[in-house]
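See structure below.
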Amino acid sequence: MSYKRVTILTGAPVTDEIIEISKTKYMPAVRAMGAIDCEIVQTGPDSTLLIATYADKAAADAAAEKAAALRAESQEEFKGNAPKTLEGEVIVTM
């Protein structure tokens, strides 16, 4: 089954500018790191979840260092709190 990495981003207001930068800069970067799918879900006025899907844990692990650098870059760019991450193998799907 696939493998997910969920990044919890808080502290920066979700604006049209942030949405556009996410579409044009960060989503392509996540795809270039090997993600087969990626979604950003707004969970509040200043919080989002970035859910990246990889083919398997090995693919996610191969992208881990670049993903950490991308999280640090986005924190600096958006002036938010330090991102938190959760990850694991998908065990049930519809």
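The values are calculated or read from the model by the stated rules, or taken from the named source; none is laboratory data. Treat the numbers as computed from the prediction; the structure is a model and nothing was measured. As a convention, Cβ positions derive from the backbone with ideal geometry for all residues, glycine included, and neighbour counts pool all protein chains shown.
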Could you list, in sequence order, all residues of the range 41-57 that are touching a residue at least 12 places away in the same chain (Cβ under 8 Å) and within 11 Å of Val6 (Cβ to Cβ)? Thr48, Leu49, Leu50, Ile51, Ala52, Thr53
Based on this model, can you work out whether Ala72 counts as outside any loop (DSSP other than H, G, I, E, B), modelled with pLDDT of 95 or more and of a type in the set (A, V, I, L, M, F, W, C)? no
Taking the criterion of being in contact with a helix residue (DSSP H, G or I) (Cβ under 7 Å, 6 or more places away or on another chain), buried (at least 17 other Cβ atoms within 10 Å of the Cβ) and closer than 26 Å to Ile91 by Cβ, would at least one residue in the range 22-33 satisfy it? yes
Tell me, please, whether a residue that is out of contact with any strand residue (DSSP E or B) (no Cβ under 6 Å at 6 or more places or on another chain), at pLDDT 95 or above and crowded, with 17+ Cβ neighbours inside 10 Å can be found in the range 75-94. no
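Scan the range 47-57 for residues that are more than 10 Å from the chain's Cα centre (by Cα), surrounded by fewer than 17 Cβ atoms within 10 Å (Cβ to Cβ) and outside any helix (DSSP H, G or I) and report the count.
The total comes to 2.
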Of the residues that make up the range 8-18, is at least one assigned to a strand (DSSP E or B) and either aliphatic (A, V, I, L, M) or crowded, with 17+ Cβ neighbours inside 10 Å (or both)? yes
Can you tell me which residue is farthest from Thr53 (Cα to Cα) among those in the range 1-22 that are without any contact (Cβ under 8 Å) to a residue 60 or more places away in the chain and hydroxyl-bearing (Ser, Thr, Tyr)? Thr15
Pick from Ala67, Ala60: which is among the aliphatic types (A, V, I, L, M), in contact with a Lys or Arg (Cβ under 7 Å, 6 or more places away or on another chain), in contact (Cβ under 8 Å) with a residue 60 or more places away in the chain and buried (at least 19 other Cβ atoms within 10 Å of the Cβ)? Ala67
